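Below: the structure, in structure tokens.
The values are calculated or read from the model by the stated rules, or taken from the named source; none is laboratory data. Just so you know, these numbers come straight off a predicted model, no measurement behind them. With ideal geometry, Cβ positions are generated from the backbone for all residues, glycine too; neighbour counts draw on all protein chains shown.
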Amino acid sequence: MKPRAFPWVALVILGLGAPFLKAGSTAIFTDQAQSTGNTFTTAASFPIALVQKNYGAAYLTTSVSATFDATPVANHLLVAILGASTTSTINQPAGWSTAINQSGGSCTQPCQAIFYRIAGSGESRTVTVTVSDSNSVLGLQIYEYSGIDTSSPLDQTSSATGTSTSPSSGSVTTTQANELLIAGMIIRTETSYSGWTNSFNEQFDFQFEVGQTYVRTYAGADRVVTATGTYSTTATTAASGAWRGQIATFKNSGDYGGAHRAAPATSTPTPSTTPTPTPTGTPSPIATPTFTVIPSPTATPTATPAAMPSPTATPAPTPAITPTTFSYPFAVPTPTPFSYPFAVPTPTPAAKATPTAPLAATPTPAASCTDMSTPTVTPTPTATPTPS
């Protein structure tokens, strides 16, 4: 991101107008701005950060590609690390710069190279690296970082090689306090990396296998430092094999644009001659007007009316409830006793039962109500059989 330029009118709105800038001046506003003449610049650094990464692998071909998930941002650092299993020459991609390249006939297998570039506007998402020999097993790592110097990003590089379970990056001594350290490794065996030393953070650990014979394992790790010094890292692999490690360091930027900006020299304005005023005639004094103070009328206080007492509500008496006697509008008939309409037989007693005196029939009284009376049927007494 480039510094923001504000015209003089905008600065007047912000309260930074004429006392600081003259018409037509440009101000550069960044973090912790300092004033130098009519230009504001900064000495602050912005943090280095990994934006995105990806990897790719290939075999029996002269090229390998990897694609970022998103389009890289302009002025960000792009890094490509290619590991090759043979002494094939690794070619620098068009538009990229070489940090370190150990490949070709003089390389002891395996070989590796680190390339870098500052992303431009509309940067391609895909990075492709080619080699001279199609018999290599290729592994490509790509990274995008922010906060890197865009004018001269690379600082130091180093490498190491050997056969063991402890591949190393080699050592570098940085020249700037804030830098990105990035290490790449390749080993000619099927294994995995762990235990990176000196606070390096592993970013990749992947294999590419062709049968059981051509297995190569690639890895990458990084670290951001804030002081100059000598740095390296060593990883541990689960299996021993021939390996190569490399490291490259990149300088931190001084502002969002990527390059350090110094305040331009400002010219000292030439003072102009102050003109001598020409004396003029003494004007006639003007009579001082006399002001008569008119007293302000005293306000007559308004009497405050006395508060009227609120009337007390008289509760209404609760009416007494007079019980009402209910009467039927018709005559209530007297219920008639129930009697069977047929003769009820008396069960025959069992043998040797004790004789029972004959039952006398009880007459049913007639209904006392004259209206709606029902005659009562008097049952005929039944003779009780005499036991034999």
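Overview of results
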{"item": "The lone exception for Ala94 - which of (1) in contact (Cβ under 8 Å) with a residue 12 or more places away in the chain; (2) outside any strand (DSSP E or B) it fails", "result": "(1)"}
{"item": "When residues of the range 67-83 are limited to those that are among the small types (Gly, Ala, Ser) and farther than 18 Å from Ile182 by Cα, the one surrounded by the fewest Cβ atoms within 10 Å (Cβ to Cβ)", "result": "Ala70"}
{"item": "Criterion violated by Gln109 - all others in (1) at pLDDT 95 or above; (2) under 27 Å from Ala221 (Cβ atoms) satisfied", "result": "(1)"}
{"item": "Residue check, Ser199 within 18 Å of Gly83 (Cβ to Cβ), surrounded by fewer than 16 Cβ atoms within 10 Å (Cβ to Cβ) and touching a strand residue (DSSP E or B) at 6+ places or on another chain (Cβ under 8 Å)", "result": "no"}
{"item": "Which listed residue is assigned by TED's automatic domain parsing to the domain that holds Gln141, crowded, with 16+ Cβ neighbours inside 10 Å and at pLDDT below 95, from Arg216, Arg223", "result": "Arg216"}
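Here's the yes/no breakdown for (1) touching a residue at least 12 places away in the same chain (Cβ under 8 Å); (2) within 27 Å of Asn135 (Cβ to Cβ); (3) not polar (S, T, N, Q); (4) not in a loop (DSSP other than H, G, I, E, B):
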| position | (1), (2), (3), (4) |
| --- | --- |
| Ala66 | yes, yes, yes, yes |
| Ala74 | yes, no, yes, no |
| Thr98 | yes, yes, no, yes |
| Asn101 | yes, yes, no, yes |
| Gly105 | yes, yes, yes, no |
